[in-house]
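These notes concern the structure reproduced below.
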Amino acid sequence: MAEGENEVRWDGLCSRDSAIRETTLENIRQIVLRKTEYLRSVKETLHRPSDGLSNAVSLDGMNKLLAHLLMLSKRCPFKDVRETSGFILKSVEELGIRIPRPLGHGPSRFIPEKEILQVGSEDAQMHALFADSFAALGRLDNITLVMVFHPQYLESFLKTQHYLLQMDGPLPLHYRHYIGIMAAARHQCSYLVNLHVNDFLHVGGDPKWLNGLENAPQKLQNLGELNKLLAHRPWLITKEHIEGLLKAEEHSWSLAELVHAVVLLTHYHSLASFTFGCGISPEIHCDGGHTFRPPSVSNYCLCDITNGNHSVDETQVNSAGNISVSDSFFEVEALMEKMKQLQECRDEEEASQEEMASRFEIEKRESMFVFSSDDDEVTPARDVSRHFEDTSYGYKDFSRHGMHVPTFRVQDYCWEDHGYSLVNRLYPDVGQLIDEKFHIAYNLTYNTMAMHKDVDTSMLRRAIWNYIHCMFGIRYDDYDYGEINQLLDRSFKVYIKTVVCTPEKVTKRMYDGFWRQFKHSEKVHVNLLLIEARMQAELLYALRAITRYMT
């Protein structure tokens, strides 16, 4: 009777056909009731000690099944599935079996749950998007529920991710999820690792690979060095790294496979940045997302309070942490005034090329002296660190220790003229999808800033994007880097650099500390800019190395 969650067929719940969903739910209900009766009979009989192991396995399988039902009762876009899942859980509880409760409050530890769109209250257009996401992945994850502040971007993101993971492409499905695990693990992002471990097993991946990278095929182990450099110091990637992967005899990658792998690595490095930057909570059905303890009197779990995720916290920093309303109000006014002055200066005079180059070098040097407030090393947990090698390797500024890295001039190699066509040639349609996602993130605007309407935010968006590329040594000849210091204050720069370079060190205090008068939707928009600028920077270095190898 040691049936686990895996013997349940959940796929039918993703169907648009309510009759198929109804049949699937009835099958699940029958399995749950059978298991419940078995566990009750075990409790009521004096079983021999030798039965202990099989009973523990049965209970663990039942707990996983109930956690999955809890997730469906809260997160499924189909009302019938939500209601029936809740009904099954209630029936189990009435029969004396303890059921799980959600931990935390919503998809993000940084954003109050009441400010995030609730599943079941979405409009028709959003419902279609939720249904598509659920049909593709069998879940509506917390990343989606936070990105939903920006539906146009979310649609493009989901389309790209679906293509990378599930549509025809050079790499087999289990390789794709394993590469996602490798990439997320580099930033100790257990949230993404857990999701893709489940997906990897679901598509038939070998469980032995999950014991550590050394158990995976040599071909995937060989990708470890590229994964490490892309995540932490992409400017070190050379054509020799590419040659090593393409000429590894029986473990060789083809060019098409390598481009697919590079896109997956950059996608999941940047998604780890989003996960930490927005304080994404564990999924309800994963470790840390639920508890089988009964709710306490105050309805809060001790771990919520230690995570700073409780009601006192929300009231103190309601609406994006405006602890001191007057101070943050003046921050917005000052920022808008600077934008206005910079526009007037632009209209009056244009700096020489020499001056522009000099300002880039100054900003590049200055970016090296921006540290996160907690600059200690974060030791990765074993369950994450086993998926990559060289655990001590991390981000280091490119000009430290006297090492000089030549500036990457966008005029010599850019996404639009070079990277896009290379990706599209070797992995058709993906270049188009990524390009659309870059453009939406970069151009996205509602012409608002905090409480102000009809504001042109293009100057601010460009400053954020170019600051990130500057940290990666990438220069735009036509941009005046003097604008960055005018528009981005110290606390904002600390947040940007931490999210992009060492996302595992992001704290709620950092998130609350920048742009205190701005809405949460605007802070999520900032994170979209950060992850797309980061992804493009990584891609530029990798694709330039591939191009150099090919020519």
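Overview of values
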{"item": "Matching residues, region 208-217, being open to solvent by 80 Å² or more (accessible area, probe 1.4 Å) and either under 21 Å from P282 (Cβ atoms) or of a type outside the set (D, E, K, R) (or both)", "result": "N211"}
{"item": "Number of positions in region 472-494 that are open to solvent by less than 10 Å² (accessible area, probe 1.4 Å) and free of Cβ contacts under 8 Å to residues at least 40 places away in the same chain", "result": "2"}
{"item": "Members of region 338-370 that are open to solvent by 50 Å² or more (accessible area, probe 1.4 Å), modelled with pLDDT under 70, closer than 18 Å to V405 by Cβ and not basic (K, R)", "result": "F369"}
{"item": "Meets criteria (under 23 Å from C189 (Cα atoms) and either basic (K, R) or open to solvent by 10 Å² or more (accessible area, probe 1.4 Å) (or both)) for T547", "result": "no"}
{"item": "Helices (runs of 4 or more DSSP H) completely within region 468-551 that count 2 or more residues being of a type in the set (K, R), within 16 Å of A441 (Cβ to Cβ) and out of contact with any strand residue (DSSP E or B) (no Cβ under 8 Å at 6 or more places or on another chain)", "result": "520-550"}
{"item": "Residue match in region 438-446 (condition: surrounded by 22 or more Cβ atoms within 10 Å (Cβ to Cβ), aromatic (F, W, Y) and either more than 20 Å from R544 (Cα to Cα) or more than 20 Å from the chain's Cα centre (by Cα) (or both))", "result": "no"}
{"item": "Options G86, G52, G106, G96: the member that is at pLDDT below 95, open to solvent by less than 50 Å² (accessible area, probe 1.4 Å), closer than 30 Å to F200 by Cβ and of a type outside the set (V, I, T)", "result": "G106"}
{"item": "Output for region 121-167, where each listed residue is more than 17 Å from C76 (Cα to Cα), in a loop (DSSP other than H, G, I, E, B) and open to solvent by 20 Å² or more (accessible area, probe 1.4 Å)", "result": "F149, M167"}
{"item": "Region 447-467, subset aliphatic (A, V, I, L, M) and in a loop (DSSP other than H, G, I, E, B), residue surrounded by the fewest Cβ atoms within 10 Å (Cβ to Cβ)", "result": "M451"}
{"item": "Pair list, Cβ < 8 Å and 6+ apart or interchain, from region 453-470 residues that are touching a residue at least 12 places away in the same chain (Cβ under 8 Å) to residues that are small (G, A, S) and open to solvent by less than 10 Å² (accessible area, probe 1.4 Å)", "result": "I464/A533; W465/A533; Y467/S367; I468/A533; I468/A537; H469/A533; H469/A537; C470/S367"}
{"item": "Subset of region 56-82 (residues that are open to solvent by 30 Å² or more (accessible area, probe 1.4 Å) and in contact (Cβ under 8 Å) with a residue 60 or more places away in the chain)", "result": "N63, K64, K74, D80"}
{"item": "Test: residue in region 173-187 that is in a helix (DSSP H, G or I), open to solvent by 20 Å² or more (accessible area, probe 1.4 Å), at pLDDT below 95 and not aromatic (F, W, Y)", "result": "no"}
{"item": "Checking A256 against (1) within 17 Å of the chain's Cα centre (by Cα); (2) at pLDDT 95 or above, the condition it does not meet", "result": "(1)"}
{"item": "Residue within region 113-129 that is within 24 Å of V430 (Cβ to Cβ) and touching a residue at least 12 places away in the same chain (Cβ under 8 Å) present", "result": "yes"}
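The values are calculated or read from the model by the stated rules, or taken from the named source; none is laboratory data. These figures come from a predicted structure and were not determined experimentally. For neighbour counting, all protein chains shown are included, and Cβ atoms are generated from backbone atoms with ideal geometry for every residue, glycine included. Note: accessible area is taken over every heavy atom of the protein model, side chains too, but ligands, DNA and RNA are not part of it. Shrake-Rupley method; radii C 1.70, N 1.55, O 1.52, S 1.80 Å.
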